[in-house]
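Worksheet: one structure, shown below.
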Amino acid sequence: MPSSQLSSSQLRASQLSSSQLRAMLVGAIATLLFTFVGASSAFSTSAQAAPQKKSDTAKPRVAVLYFDHIGNDSELRFLRKGLTQMLITDLSDGDDLVIVERTDLEMVIQELNLGKTKFISRRTANKIGRMLGAQYLITGSYNNFRGTLHITAKLIDVELTSVEGISRHGKVEAFLGLEQQLATELRTVLSTAAATKKSTRKMSKQARRTAQKRAQKRMLARKAAKDKRTAKAGQAGKSLSARTVSQYGRALDSIDKGNKTLAMKQLGELTKSNPDFALAADELKVLLR
């Protein structure tokens, strides 16, 4: 073959290789652009989902601690655990609050070696609250005085370091009605406090105090109506005594210590004598699974 023809063939081959190279480069660039667009779309979707997650975490987080037993009635020693679980259950009836589970509280107490502590100080309560990520703490004390159970609950706003007290008293034999009234009032105070904080976060100190006083007046105005509703519910629970709830608390303590066999026995006896005690029955069902 003549040298001139060979040069033309080689030139065409070189041009063909250049065309293929350009095609490969164009394809690679297109692939990169497609990947970038997809990543941008995913980022946009993630950014749109973020506000929803933020709104969930914006709900007030509440931890119910164990109440202090300040009396000498040994039969009511474990009422503190039973009362806490009952308040957690009642306060969880709604979607405006996030209530910390009692098992999470128990884990923190064990971590701080407070399992045998009879009284929880304000400083310790705040530490527990921080570990649980709670904005509000509910704690308090109870005492049986001549057959009348006196319960004092304290609602602590961790951020504002403010405390609001609520006191209730009733017969030891009519504990359920007493607990339900306490739970209703705590929920009202919590909802009012959370709404006030949200609306007054940017207000001056004086304006915030005025708004809080107005909110308290509205709460007191609704209190009578709420008491009527809870009184009706309390009538049905007069047979559930504080001692029965203390036995329930003893079974919860057995569960906390890992003794499920003993807990099943205790809950079995409890549900047999109190077939309408739903919390005890539900706890037993969990253990029997």
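The values are calculated or read from the model by the stated rules, or taken from the named source; none is laboratory data. Bear in mind that the values here come from a model prediction, so they are computed numbers and not experimental data. Please note: Cβ atoms are built from the backbone with ideal geometry, for glycine as well, and neighbour counts cover all protein chains shown.
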Options LEU149, LEU105, LEU137: the member that is surrounded by 13 or more Cβ atoms within 10 Å (Cβ to Cβ), over 22 Å from the mean Cα position of the chain (by Cα) and either under 17 Å from PHE67 (Cα atoms) or of a type in the set (Ser, Thr, Tyr) (or both): LEU149
Hits in the range 266-289 - residues which are among the basic types (Lys, Arg) and under 23 Å from SER239 (Cβ atoms): LYS272, LYS285
Number of positions in the range 125-170 that are assigned to a strand (DSSP E or B) and in contact (Cβ under 8 Å) with a residue 40 or more places away in the chain: 14
Given (1) of a type outside the set (D, E, K, R); (2) at pLDDT below 90; (3) within 15 Å of LEU137 (Cα to Cα); (4) surrounded by 17 or more Cβ atoms within 10 Å (Cβ to Cβ), number of the condition ILE166 does not satisfy: (2)
GLN181 vs. criteria among the polar types (S, T, N, Q), over 19 Å from GLN247 (Cα atoms) and touching a residue at least 60 places away in the same chain (Cβ under 8 Å): no
First in the range 107-121 and in a helix (DSSP H, G or I), second anywhere and surrounded by fewer than 17 Cβ atoms within 10 Å (Cβ to Cβ), Cβ under 7 Å, 6 or more apart: VAL108/MET131; ILE109/GLY115
